[in-house]
Amino acid sequence: MAQIIVFTSGKGGVGKSTLVANIGTSIALHKRSVVVIDMDIGLRNLDMIIGLERRVKSNIVDLTKGLSSLEEALVYDKRTHNYLALIAASQSDLKKDVNLFKFHQVLTDLETMFDYIIIDSPAGIEEGFNKSIFFAKKAIVVVNPEISSIRDADRVLALLENHRIKKDIFLIINRYRKELSRRSYYITAPDIINLLNVPCLGVISEDERVLRQNNSGVPFVYQSSFTVTNDIKLIAEKLIDKKKSIQEKAPASKSIWEKMKNNAS
Amino acid sequence: MASKLTDRLKRILDEDRKVLSPKSERDLRKKLAAVLSQYFPIDKRKLHIRITRTQYQTAYELIADMPIKRSELEKDQ
């Protein structure tokens, strides 16, 4: 039975699709079968980031409408020896065109075929988001170290609270620049974890080469020299192996004064 | 250091997470102060309450900061 994981954020442009493409690929390179589903109906992008856009013949909307079969909608990635598969979003339909009951049927079929089902949720907290999280058993909220992203993530966490996912909610801090963490305008990873009060799966460093890789259609996890590759691999290992530790709380402050300040606040 | 920014964000999130209207919060503060002052010499002006989410977002918790007037407490004892 597959594990259904949704990647969400609230705010757009935080790097959800990039993370889904790379974490999905990384899990597949561990020889675990994984299907990634692009639920951003009307704004299809995940296929391009993975580099499978030329082989997409069908999409999730056609599948839920019964206009195509699973075999037609699933695009397997040969670079991962077919351990990674993609179901693309439709570029011409709307989010309302996904029937929730039919979507559940599709997920039920996929559950018997794969170890992991990763859903790439659209930005926002409307229909597309609600459908994406509806059947997920685990949610990963992606956040950038900027106040608008953190505020939106907090709103998403409140919505997930009312959902059946409950305790399986995790955070990934993306595009983090450690060298800026002492600057007054920069919010640190431990502070983000403390403010949102959710266990953190990992912190991904900012790297401008990620953009180049996204544009080339080759997930950056194939580039072993990138620091971000290691960050992604660690997260993928945590997702497939529960023994790896998840950072429950921010590390303790260094000075006694800071500890006292934290206790007082 | 980023503490000012963190404090600002904390205030924003606390405001977003509020589950009581300002009027209900004022009422609650007044009633809490009335009950607690029967047991402790408290500084009513400094009574601060906030409602936050617990870890994993599964519940809310009420946190009340209530300074007790130490001088009066010692006098009573």
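Quick look at the numbers
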item: Among residues of the stretch A:87-104, those that are among the acidic types (Asp, Glu) and outside any loop (DSSP other than H, G, I, E, B), counted; result: 1
item: Odd one out for A:ASP191 among (1) surrounded by 18 or more Cβ atoms within 10 Å (Cβ to Cβ); (2) under 23 Å from A:ILE4 (Cβ atoms); (3) acidic (Asp, Glu); result: (2)
item: Answer residue from the stretch A:153-197, given it is in a helix (DSSP H, G or I), without any contact (Cβ under 8 Å) to a residue 40 or more places away in the chain and of a type in the set (D, E, K, R) and is nearest to A:GLY13 (Cα to Cα) among those; result: A:LYS178
item: Selection within the stretch B:1-50 - in a loop (DSSP other than H, G, I, E, B), within 14 Å of chain A (Cβ to nearest Cβ) and more than 13 Å from the chain's Cα centre (by Cα); result: B:MET1, B:ALA2, B:ARG17, B:VAL19
item: Which listed residue, of A:SER33, A:SER68, is buried (at least 16 other Cβ atoms within 10 Å of the Cβ), free of Cβ contacts under 8 Å to residues at least 12 places away in the same chain and polar (S, T, N, Q); result: A:SER68
item: Test: residue in the stretch A:116-124 that is at pLDDT below 90, under 17 Å from A:VAL14 (Cα atoms) and more than 14 Å from chain B (Cβ to nearest Cβ); result: yes
item: Residue tally, condition part of a helix (DSSP H, G or I) and either buried (at least 22 other Cβ atoms within 10 Å of the Cβ) or touching a residue at least 24 places away in the same chain (Cβ under 8 Å) (or both), over the stretch A:121-134; result: 7
item: Scan of the stretch A:135-152 for residues that are more than 7 Å from chain B (Cβ to nearest Cβ) and assigned to a helix (DSSP H, G or I), ordered by number; result: A:SER148, A:SER149, A:ASP152
item: Strands (runs of 3 or more DSSP E) contained entirely in the stretch A:1-86, each with at least 3 residues that are within 26 Å of A:ASN130 (Cβ to Cβ) and among the aliphatic types (A, V, I, L, M); result: A:3-8, A:34-38
item: Residue list for the stretch B:50-68, restricted to those being surrounded by 12 or more Cβ atoms within 10 Å (Cβ to Cβ) and at pLDDT 80 or above; result: B:LEU62, B:ALA64, B:MET66, B:PRO67, B:ILE68
item: Filter result (over 23 Å from B:LYS4 (Cβ atoms) and within 12 Å of chain B (Cβ to nearest Cβ)) within the stretch A:172-199; result: A:VAL198, A:PRO199
item: From the options A:ARG44, A:ARG79, residue that is modelled with pLDDT of 95 or more and of a type outside the set (A, V, I, L, M); result: A:ARG79
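For (1) surrounded by fewer than 17 Cβ atoms within 10 Å (Cβ to Cβ); (2) assigned to a helix (DSSP H, G or I); (3) in contact with a Leu (Cβ under 7 Å, 6 or more places away or on another chain); (4) at pLDDT 90 or above, each residue gets a yes or a no:
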position	(1), (2), (3), (4)
A:GLN213	no, yes, no, no
A:ALA252	yes, no, no, no
A:TRP257	yes, yes, no, no
A:LYS261	yes, yes, no, no
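The values are calculated or read from the model by the stated rules, or taken from the named source; none is laboratory data. Bear in mind that the values here come from a model prediction, so they are computed numbers and not experimental data. Cβ: placed from backbone, ideal geometry, glycine included. Neighbour counts: every protein chain shown.
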